[in-house]
Amino acid sequence: MKISLKKRLVLGVLPDRLLQVRGPADGHACYLSFDDGPHPEHTPRLLDLLAAHDARASFFVVGKLAEGQPRLLERIVAEGHTLGNHSYNHRGFAALSLAEQVAEIRRTDELLSEFDRRPLHRVRPPQGHLTVPLLLHFLRVGRSIAYWSYDSLDYQLQSADALAGRLRRQPPVAGDILLMHDDSALAAAALGELLPTWREHGCVFRALRTEA
Ligand SMILES: [Zn+2]
């Protein structure tokens, strides 16, 4: 489902360099993104699928989960995908001070840099909650938040069939950043059915650019 008009208006007033909602549409590019992993079972299945369809994606990993899955992190990077920063503990940022939010981000940046050798990563706060102090901080330091234009709602749906049906009725268009999750089997199951069709229709799946 596309994000609501009201939310789009709020997101629309923020500059793209602070909050990225869409990716470059050139070459009919679409951007798959997966939050809340890595998961020892579901993430490898998804990586197999992406490799089979020559698709790249962005994985917004939770730092404390990533710590226990170094081989998976290596694989994500080796296969041309982007590592994104989805905080360390996945605690809602609205309940944290700015110092705590920044600490969550810094700890995960440091962890991820061991794998991709990049000091900074695109940030997507847990549940997509944007706090004003963090936005102002990011504006000050020149960092940006990686949001999405298309919420698959995979975390609300009961079955891969329901998810595939929703995505089939409203396929992503060029430039869309599609929000999905790799902590369940749903995304891989639905994409296994849809990726071949979307590719036939000309979609090229790219990873979001890293920050630095
Ligand atoms: Zn999350």
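Note down the net charge around Phe59, summing +1 for each Lys or Arg and -1 for each Asp or Glu among other residues with Cβ under 13 Å from its Cβ. Charge balance near Phe59 sits at -3.
Select from the chain the helices, each a whole stretch of DSSP H, whose alpha-carbon atoms run 18 Å or more along the helix axis and whose Kyte-Doolittle mean is at least -1.0; answer none if there are none. Could the numbers behind the result be given before it?
On the way: long enough: 98-116 (26 Å, -0.45); 186-200 (22 Å, 0.49).
TM-like helix candidates: 98-116, 186-200.
What's the magnitude of the charge dipole for the chain around its Cα centre, counting Lys and Arg as +1 and Asp and Glu as -1 at the beta-carbon? Answer in Debye, nearest 20. Write out the running numbers ahead of the final one.
Values: 26 positive and 25 negative charges, 154 e Å.
Its charge dipole is roughly 740 debye.
Placing a pseudo-label 7 Å from each Cα along the Cα-to-Cβ vector at His28 and Arg45 gives an inter-label distance of 2.9 nm. How many angstrom lie between the Cα centre of region 96-123 and the Cα centre of region 55-79? For region 96-123 versus region 55-79, the Cα centre distance is 14 Å.
For the chain, give the share of DSSP beta bridges that are antiparallel, in percent and rounded to the nearest 5; count only bridges with both residues there. Don't skip to the end; give the middle numbers.
Details: 2 of 23 bridges.
Taking every DSSP beta bridge within the chain, about 10 percent pair in antiparallel fashion.
Can you compute the helix-only [θ] at 222 nm over the chain? Use -39500 (n - 2.57) per DSSP H run of at least 4 residues, normalise by all residues, nearest 500 deg cm²/dmol. One gets -12000 deg cm²/dmol as the mean residue ellipticity at 222 nm. Stokes-Einstein, applied to the Kirkwood radius of region 136-188 over Cα pairs at a viscosity of 1.567 mPa s and 4 °C, places its translational diffusion at 101 µm² s⁻¹. Using a simple spin-label model with pseudo-atoms 7 Å out from Cα toward Cβ, Asn89 and Arg168 lie 4.3 nm apart. Taking a sphere under 15 Å around the Cβ of Tyr155 and counting the other residues whose Cβ falls inside, with K and R at +1 and D and E at -1, yields a net charge of -4.
Is the shape of region 9-71 best called rounded, prolate or oblate, per the rule: a/c under 1.5 gives rounded, else a/b larger than b/c gives prolate, else oblate, with a ≥ b ≥ c the square roots of the Cα gyration tensor eigenvalues?
On the way: a/c = 3.41, a/b = 1.47, b/c = 2.32.
It comes out oblate by the Cα gyration axes.
Averaging over all projection directions, find the projected area of the Cα convex hull of the chain and quote it in nm² with one decimal place. List each step's numbers first, then the result.
Values: hull surface 43.4 nm².
Spelled out: convex hull of the Cα atoms, projected over all directions, averaged, 10.9 nm².
None of the figures in this text is laboratory data; all of them are computed from the coordinates on show. Predicted model, so just to flag it, every value in this text is computed and none were measured. Cβ atoms come from the backbone with ideal geometry, glycine included; neighbour counts cover every protein chain shown.
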